[in-house]
Amino acid sequence: MRKLILPLLMFTQTVLAENLAFISNQLDNSVSVIDVAKSNVTATIAVAGKPAGVAINHVKRKAYISTPEQGGFAVIDIPTLKLTQQVKVGGASLGICVDHQGQRIFVADWYENTVAVFDSTTLERLHTITVGKSPSGMVVSPDDQWLYVANRMDDSISQIDLHKYSIRNTTKVGKHPFGIALNTDGSKLYTANVESDDVSVLEAGHLKRLNTVKVGARPYALAVTADGKHIFVTNQDDSTLSVIDAASNQPIATVAVGDKPEGISYSAALHRLLVANWMDSTVSLIDPVNFETLSTIKTGEGSRAFGEFISH
Amino acid sequence: MKKTALLVSAVLLMFSGMVNAHGPVRAKLTATIQIDAPAAKVWEIIKNYDDMSWHPSIKSVKGNGSNQKGAVRTLTLANGGTITEELKAYEDSKMTYKYKITEMSSVGTIKHSGQDESLPVLPVGNYAAELQVNDKGGKAEVEWVATYYRAYVNNNPPAELNEEAADKAVTNVLTTGLNALAKKVNPSASPSVQIDIKR
């Protein structure tokens, strides 16, 4: 047995080195880059404009950081860890995501109630889609056909057709949905509802409401494990994660993290969760099997990391 | 005192220029004071969640005598307003506790953008704070960190409910409390509170 385990471990180590987490530090105007396998900060990159949202283009090896105060986003080249461009969008860019083929970047504007679509090669605007009030969290379906947007002040989710750039469907969820996440096959959509302290579970294809799960105080964002079995939700005012069992739609555990936990992202390669703790200016590294914190990493002040922030 | 006042107004001035530049964001206000006394002695005065007799702006506190997470206290202010707060964490060994505001009374309403807007007794939204005493080489350092949003959630807030109003009100509550605490420990002290606001 021992002989078998050793080569596997070595292999895992080389894969692990590729995983970098990009943590936006809102109060520091910087991004901390964490080597997830080593659980330490390998670089800190200056990014002006109160950086908040994060998206990773795995194909083109870029990290996009939304900068609400400058109404745009910054582009970081992952291999060199250099800030290469700053793109102007509009009023107050917050939510940001990218399609799976790495071709289009989507930026939600909190005040203009729009989602801007950018070409990831030219960084030029392709479309502007009008959505509900204060769009925040976004996620793209695995086949790049749908973009889901949380309309925070409308208490709703919109499903946008990415061929026609038009809204196909809008559904009411809990109060003030902020972060949203899909499971790996894109069949279920989860929304963290800040004001009603719960998570809405939707059938993603037609936005049919399946369930509402009670979580902690002021849930902010969520992440789903690769097998789709567990959903982890950051509870800002409880300094915890709620763990939801997908099969039963029941909360089955809570995990203590830092204060004001906000962004959360899952690394499938490492099978680890990272949580940005705004108040503590740290990131918690979580074991999603045993529901425990493995280490706490010091980052910059006001760590937010809203979006999927781990490269692979 | 003079130094504190100057520092506070400088910080507030810096912020007023940025107001409305973007949506409501959470502020982090840190108030710090050094007190020439053992940390444990200072903690002894403030450690009971339902005792805020050390704070001159708070007339009375109604609690249930508990320092357990989940305990609720209702503060009655000198002006008659009330604030209800829930204890979120308590660690005697680290001389710290955390709480959040769950309810506030209103001091009136104003008309803004054609709507009636209620004015909460503390013009903030989603307020949470941590009070901690640190031992700094035999002397106490008290750190009171508050996080909050402005009270008005939509764009273009009225002056009564904007960032500046929130910062001013929180600065006042924390500064008054810490100064009084220092005076209670040592009546001849000339306390100086440092304020740092980030958002």
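The values are calculated or read from the model by the stated rules, or taken from the named source; none is laboratory data. Nothing here was measured: the structure is a model prediction, and the numbers come from that model. A quick note on method: Cβ atoms are made from the backbone with ideal geometry, for glycine too, and the neighbour counts reach across all protein chains shown.
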- Conditions (1) of a type outside the set (Ser, Thr, Tyr); (2) out of contact with any helix residue (DSSP H, G or I) (no Cβ under 6 Å at 6 or more places or on another chain); (3) part of a helix (DSSP H, G or I) -> residue B:164 fails only (2)
- Inter-residue pairs, beta-carbon under 8 Å, first farther than 19 Å from residue A:111 by Cα and in the stretch A:153-172, second of a type in the set (Asp, Glu) and in a strand (DSSP E or B), 6+ apart: A:168/A:161
- Task: Take the residues in the stretch A:92-132 that are charged (D, E, K, R) and at pLDDT below 95, then tell me which one is surrounded by the fewest Cβ atoms within 10 Å (Cβ to Cβ).
- Result: A:112
- Of all residues in the stretch A:123-169 being part of a strand (DSSP E or B) and touching a Gly at 6+ places or on another chain (Cβ under 7 Å), which is farthest from residue A:90 (Cα to Cα)? A:156
- Reported set for the stretch A:26-47 where residues are in contact with a strand residue (DSSP E or B) (Cβ under 7 Å, 6 or more places away or on another chain), within 14 Å of another protein chain (Cβ to nearest Cβ) and under 16 Å from residue A:309 (Cβ atoms) is A:30
- Message: Here is a list: A:242, A:248, A:281. Which entry is crowded, with 24+ Cβ neighbours inside 10 Å and among the small types (Gly, Ala, Ser)?
- Response: A:242
- Query: Can you tell me which residues in the stretch A:256-284 are of a type in the set (Phe, Trp, Tyr) and in contact (Cβ under 8 Å) with a residue 60 or more places away in the chain?
  - Reply: A:278
- Any residue at all in the stretch B:92-108 that is over 16 Å from the mean Cα position of the chain (by Cα), within 14 Å of chain A (Cβ to nearest Cβ) and more than 26 Å from residue A:112 (Cα to Cα)? yes
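To keep it simple, each residue is scored yes or no on (1) part of a helix (DSSP H, G or I); (2) at pLDDT 70 or above; (3) crowded, with 16+ Cβ neighbours inside 10 Å; (4) in contact with a Leu (Cβ under 9 Å, 6 or more places away or on another chain).
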| residue | (1), (2), (3), (4) |
| --- | --- |
| B:3 | yes, no, no, no |
| B:6 | yes, no, no, no |
| B:10 | yes, no, no, no |
| B:23 | no, no, yes, yes |
| B:29 | no, yes, yes, yes |
| B:33 | no, yes, yes, yes |
| B:41 | yes, yes, no, no |
| B:44 | yes, yes, no, no |
| B:49 | no, yes, yes, yes |
- Message: I'm trying to understand the selection: among the residues of the stretch A:72-119, which are in contact with a Lys or Arg (Cβ under 6 Å, 6 or more places away or on another chain), in contact (Cβ under 8 Å) with a residue 40 or more places away in the chain and within 24 Å of residue A:164 (Cβ to Cβ)?
- Response: A:102, A:117
- Query: Failed condition for residue B:191, given (1) at pLDDT 95 or above; (2) part of a loop (DSSP other than H, G, I, E, B), with all others met?
  - Reply: (1)
- Might you check whether a residue that is acidic (Asp, Glu) and over 17 Å from the mean Cα position of the chain (by Cα) occurs anywhere in the stretch A:262-273? no
- Hey, among B:119, B:174, which residue is away from every other protein chain (no Cβ under 13 Å), over 15 Å from the mean Cα position of the chain (by Cα) and closer than 24 Å to residue B:80 by Cα? B:119
- Query: When you look at residue B:93, is it closer than 30 Å to residue B:44 by Cα, surrounded by fewer than 20 Cβ atoms within 10 Å (Cβ to Cβ) and either of a type in the set (Gly, Ala, Ser) or modelled with pLDDT under 95 (or both), yes or no?
  - Reply: yes
- Message: I'm trying to understand the selection: among the residues of the stretch A:235-256, which are within 14 Å of chain B (Cβ to nearest Cβ) and touching a Leu at 6+ places or on another chain (Cβ under 6 Å)?
- Response: none
- Note on the structure: By residue number, the members of the stretch B:125-138 that are within 14 Å of chain A (Cβ to nearest Cβ) and of a type in the set (A, V, I, L, M) are B:128, B:129, B:131
- Among (1) buried (at least 17 other Cβ atoms within 10 Å of the Cβ); (2) within 14 Å of chain B (Cβ to nearest Cβ); (3) among the acidic types (Asp, Glu), which single condition is residue A:195 missing? (1)
- Message: Residue pairs, Cβ under 7 Å, 6 or more apart or interchain, first in the stretch A:38-53 and of a type outside the set (Phe, Trp, Tyr), second surrounded by fewer than 16 Cβ atoms within 10 Å (Cβ to Cβ). List them.
- Response: A:39/A:295
- Task: Say whether the condition of being under 18 Å from residue A:198 (Cα atoms) and within 16 Å of the chain's Cα centre (by Cα) is met by at least one residue in the stretch A:278-290.
- Result: no
